[in-house]
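The values are calculated or read from the model by the stated rules, or taken from the named source; none is laboratory data. As the structure is a prediction and not an experimental result, all values here were calculated from the model. Cβ sites come from the backbone with ideal geometry, for glycine too, and all protein chains shown count toward neighbours.
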Amino acid sequence: MAPGGNRRTPWLFLSPALFLLLAFFVWPTLQTMWWSLHGGTGLVPTEYVGLENYTRLLTGDRLFLRLDRWPPSGALVNTVLWLVLFPALTTTLGMLIAVLADGVRYEKTVKAIIFLPMVISATAASVIFRFVYSPDPTIGAANAALTSLIPGFEPVPWLGRGSVVNFAIIAAAVWIWCGLAMTVFSAAYKSLNQEVLEAARVDGAGPWQTFWRISLPMLARPVTFIVIAMLINALKMLDLVLVMTAGGPRGASRIIGFSVYWEVFNNSRAGYGSAIAILMLLLLIPVILIQIHRIRVEER
């Protein structure tokens, strides 16, 4: 081997990686930042407006942020709701199913059924839930079940009432992604050191204490992975909102991912949509930093 060969070899791999990073992340990000400072109509904004798009987003666009009433509303507030509820519900439900289904009869069948929504496209799932949430009890499964269980219950227009529409869409998203969380947690739970768990039982720990104090801390890495994955999904959520409500009623279900698509491709305001995308990137930065920290800790 030629002298210095070991020092030159990494560049053979670094150069393509650096090119891909510049081509698919750095350049599009810089281009989006530049476009966010422009206005006009069309897919390529041409009129320089400075920070006008950002000012309008945070002070003048009631569909994006409205603070003059309580509770506040708008795409930014709805996105925060998604960031809180969607990861928490998906992680909790996936963990619960993985633990309760472990070792039971027909375990594989139960888990296959729960994982099935992951196989269905999000568009198809959205169409299914449009029927599930139909205000007509003869069509909508949700209202039919509540009507049969609660005497005198009045059917709810789940996708037509601003106070409940976001919760309805989040529930659909949890139904879709719960299978992924369950699969990850099931594999991690089965790989736990059984000697440690058995020692806890011998010492008198009950099932709940064993899970909460022994099993759950040992599942910290898969929990972190699922939470971060669901946070990213919540930020870039588009298809469910687009198909189920198109941001309605009256903008009540708009979130940041949907707003970027709607402003660019429906309203032909690429500059304004780019400003929303930059705000979405700012929300993603803490998630990215947490992921980088987690990877560095694992490497040590």
Selection from the range 146-189 of residues that are touching a Phe, Trp or Tyr at 6+ places or on another chain (Cβ under 6 Å), without any contact (Cβ under 8 Å) to a residue 24 or more places away in the chain and of a type outside the set (A, V, I, L, M, F, W, C): T147
Selection from the range 223-244 of residues that are of a type in the set (S, T, N, Q) and farther than 22 Å from A75 by Cβ: T224
Among the residues listed as G206, G247, the single one being outside the structural domain of P45 (by TED's automatic domain parsing) and either at positive phi or hydroxyl-bearing (S, T, Y) (or both): G247
Boolean, M182 is crowded, with 21+ Cβ neighbours inside 10 Å and either closer than 23 Å to L283 by Cβ or assigned by TED's automatic domain parsing to the domain that holds L282 (or both): no
Count of residues meeting criterion [within 29 Å of the chain's Cα centre (by Cα), modelled with pLDDT of 90 or more and closer than 18 Å to F265 by Cα] in the range 39-54: 1
Among (1) loosely packed, with under 15 Cβ neighbours inside 10 Å; (2) of a type outside the set (A, V, I, L, M); (3) modelled with pLDDT of 90 or more - the single one T245 does not satisfy: (1)
Residue match in the range 59-68 (condition: more than 24 Å from V164 (Cα to Cα) and not small (G, A, S)): yes
